[in-house]
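Visitor: Shown below is the structure under consideration.
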Amino acid sequence: MSANRIAVVGGGSAYLPGVVKGMIQRAEALAGSEVVLYDTDPTANGVICRLATRMVEVAGVEITMRSADTLPAALDGCDFVFTTFRPGGMAARAADERIPLRHGVVGQETAGPGGFLMACRSVPVLLQIASLLERCAPQAWIVNYTNPTNIVTDAVFRSGWERIVGLCDQHVGDLEEWRRLLALGSGKLEADWVGLNHATFTREVRRDGVAVGDLGARLARLDPGAMECVDDARLVRVAQTLDLLPNSYARYYFFHDEIAAELAAAPATRGEVLGEALPRYYAAYEAAAVAEVPEPTMSRGGDGHGELAVDTICAIANDEGRRLIVNTRNGSALADLPDAAVVEVPAVVGRSGPKPLAMGAVPRPVRGLVAAIHEYEWVAAEAAATGSRARALTALALHPFVRSLEAAERILDEGLAHHAAALPQFQTGG
Ligand code: G6P
Ligand code: MN
């Protein structure tokens with residue numbers, strides 16, 4: 001066990017109650033720790049701080065919660081910075097989704113041009129955090145959930161700050177989806193998802209440590225035509241076509257045009273729906289903060305959302321050497337991607353951070369797709385950091401969703417104009 005100071009940037013995030021639950025579960029490993037919440041929205045930060053304080057109090061664990069008024073105050077002397085903010089909130093996300101859709105391109109929070117626009121807002125904040133840490137907490141680790149997590153992580157590495165781990169728990173939910181679809185029953189499932197964030201694949205699933213021998217046969221027996229849920233059917237069709245299990249974001253690559261049309265025809269985007277729903281979550285958190293049992297009636301992220309972040313912090317703090325799937329520099333983990341690429345792979349996480357495991361080459365037949373997405377991400381990270389319009393255009397033109405330079409130009413112009421006030425780097429960039 002070790003006492004740590006954990007700064008949370010995005011302390012007002014609606015996902016935080018799930019993370020606090022994760023901390024309570026690992027209370028022994030975190031005994032004596034202090035969590036400092038900071039958010040640009042002090043009202044949301046206050047609600048979450050009150051709820052979190054009540055949660056740890058009722059659980060009787062040795063973790064304290066407090067809030068900080070400024071980012072430097074939150075970071076001062078911390079051991080970990082957990083970044084989990086959404087720059088510009090749901091309104092900015094909704095614009096990221098809408099703008100590509102006007103040009104026939106999937107508009108999505110993390111993948112494609114929508115994710116690029118988000119990266120342009122996230123990356124400068126992460127770079128600011130890294131530069132503040134140089135002065136006030138040079139040994140701290142950044143544990144990042146802020147999306148697009150791979151691009152953010154890459155930009156921070158390339159700024160010279162090495163102590164960052166990029167996280168996403170999509171693979172946890174995806175494996176549960178595959179448990180259901182392939183009728184894998186109970187038992188602990190594990191898979192070595194490899195590739196890039198929201199673009200990972202696996203050929204094998206282990207149940208209680210043993211490879212599921214008939215995975216291919218189970219997959220072949222599924223009939224996507226008989227499935228009620230269209231996204232389940234899409235996922236199964238991709239899996240059967242590739243003979244690999246894909247991350248659920250694969251649907252945007254393999255069904256791009258029909259999903260773009262569906263999203264454009266829908267009355268609201270995901271960000272718009274959530275923007276409307278969020279006040280109800282905070283009302284539930286307010287109520288839970290003064291309840292005898294501080295269990296909100298609704299909570300973002302669902303059970304287990306915070307576990308990966310908390311496990312990562314514990315693994316570093318207590319030198320656990322634990323195997324976790326993270327976004328980190330490739331080194332030689334994936335043989336056919338550059339060493340400096342940020343990849344999502346299994347890694348052993350201990351005091352010196354994640355050590356990615358050698359996973360061989362990216363499986364065929366997605367080697368080309370993964371390489372293409374990486375080339376986009378590499379340029380996107382640079383563009384988001386420098387504010388270079390020219391590099392931004394290169395990034396968008398390279399993304400597999402964008403099949404015309406004309407569309408790339410229009411999306412970029414509209415995106416930069418819409419978000420101009422939030423993107424100072426593009427006002428001075430080349
Ligand atoms: C998954 C992804 C996250 C993403 C989230 C969006 O958890 O892995 O990267 O932010 O879904 O969920 P939402 O409910 O906001 O659409
Ligand atoms: Mn994710």
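The values are calculated or read from the model by the stated rules, or taken from the named source; none is laboratory data. Not measured: the values here are computed from a predicted model. With ideal geometry, Cβ positions are generated from the backbone for all residues, glycine too; neighbour counts draw on all protein chains shown. Heavy atoms of the whole protein, side chains included, go into the accessibility calculation; ligands, DNA and RNA do not. Shrake-Rupley method; radii C 1.70, N 1.55, O 1.52, S 1.80 Å.
Visitor: Taking 0.36 nm per intervening residue step and subtracting the Cα-Cα distance, what contour gain separates SER131 from ALA226 on full extension?
Guide: Full-extension gain reported as 28.9 nm.
Visitor: If you don't mind, another one. Residues with amide H under 5 Å of MET65's amide H, sequence separation 5 or more or different chain, H placed in the peptide plane at 1.01 Å from N; which?
Guide: Counting only residues 5 or more places away or on other chains, the set is VAL35.
Visitor: Rounded to a whole number, what % of the accessible area of the chain do carbon and sulfur atoms account for, probe 1.4 Å?
Guide: Whole-percent figure for carbon plus sulfur exposure: 52.
Visitor: ³J(HN,Hα) across segment 33-38 via Karplus (A = 6.51, B = -1.76, C = 1.60, θ = phi - 60°), whole Hz, x for Gly/Pro?
Guide: Here the 3J(HN,Hα) series is 6, 10, 10, 10, 9, 9 Hz.
Visitor: What order, most packed first, do the peptides 51-59, 156-164, 181-189 have when packing is the mean number of other Cβ atoms within 10 Å of each residue?
Guide: Highest mean packing first, the order is 51-59, 156-164, 181-189.
Visitor: Between beta-carbons, use under 11 Å as the cut-off and find the net charge around ARG389, counting Lys and Arg +1, Asp and Glu -1.
Guide: -1
Visitor: Need the full-extension length gain, ASP336 to ALA372, defined as separation in residues times 0.36 nm minus the C-alpha distance. One decimal, nm.
Guide: Numbers: separation 36, 0.36 × 36 = 12.96 nm, distance 1.21 nm.
That pair, ASP336 and ALA372, stretches by 11.7 nm at full extension.
Visitor: Please work out the average accessible area per residue across the chain, using the 1.4 Å probe convention, and give it in Å².
Guide: 40 Å²
Visitor: Further question on the same structure: Return the sequence-ordered ³J(HN,Hα) values of segment 384-396 in whole Hz as given by the Karplus equation 6.51 cos²θ - 1.76 cosθ + 1.60 applied to θ = phi - 60°, using x for Gly and Pro.
Guide: 5, 6, 8, x, 7, 5, 4, 5, 4, 5, 4, 4, 5
Visitor: Could you work out the local net charge near LEU263, counting Lys and Arg as +1, Asp and Glu as -1, over the other residues with Cβ closer than 14 Å to its Cβ?
Guide: Summing Lys/Arg as +1 and Asp/Glu as -1 gives -2.
Visitor: Continuing with this model, one more query. With θ set to phi - 60° and the Karplus curve 6.51 cos²θ - 1.76 cosθ + 1.60, what are the ³J(HN,Hα) couplings of segment 168-177 in order, to the nearest whole Hz, using x for Gly and Pro?
Guide: 7, 9, 3, 4, 5, x, 4, 5, 5, 4
Visitor: Amide H neighbours of PHE82 under 5 Å, counting only residues 5+ apart in sequence or on other chains, H built in-plane at 1.01 Å?
Guide: ALA7, VAL8, VAL9, VAL143
Visitor: Within segment 69-94, whose backbone N sits under 14 Å from a point 7 Å along Cα→Cβ of ALA3?
Guide: Those under the cut-off are 79.
Visitor: Here is a further query. Would you grab the residues whose amide H sits under 5 Å from the one on ILE325? Only those 5+ places off in sequence or on another chain, please, with H modelled 1.01 Å from N.
Guide: When sequence neighbours closer than 5 places are left aside, the close amide H contacts are ALA347.
Visitor: While we're on this one: Counting helices only, and only those DSSP H runs with n ≥ 4, report the 222 nm mean residue ellipticity of the chain as the sum of -39,500 (n - 2.57) divided by its residues, in deg cm²/dmol to the nearest 500. Don't jump to the answer; show the numbers that get you there.
Guide: Details: 17 runs with 208 residues, N = 430.
Computed mean residue ellipticity for the chain: -15000 deg cm²/dmol.
Visitor: Okay, next question. Pull out a ≥ b ≥ c, the square roots of the eigenvalues of the alpha-carbon gyration tensor of the chain, then state rounded if a/c is under 1.5, prolate if not and a/b is larger than b/c, and oblate in the remaining case.
Guide: Rounded is the answer for the chain, as its axis ratio a/c remains below 1.5.
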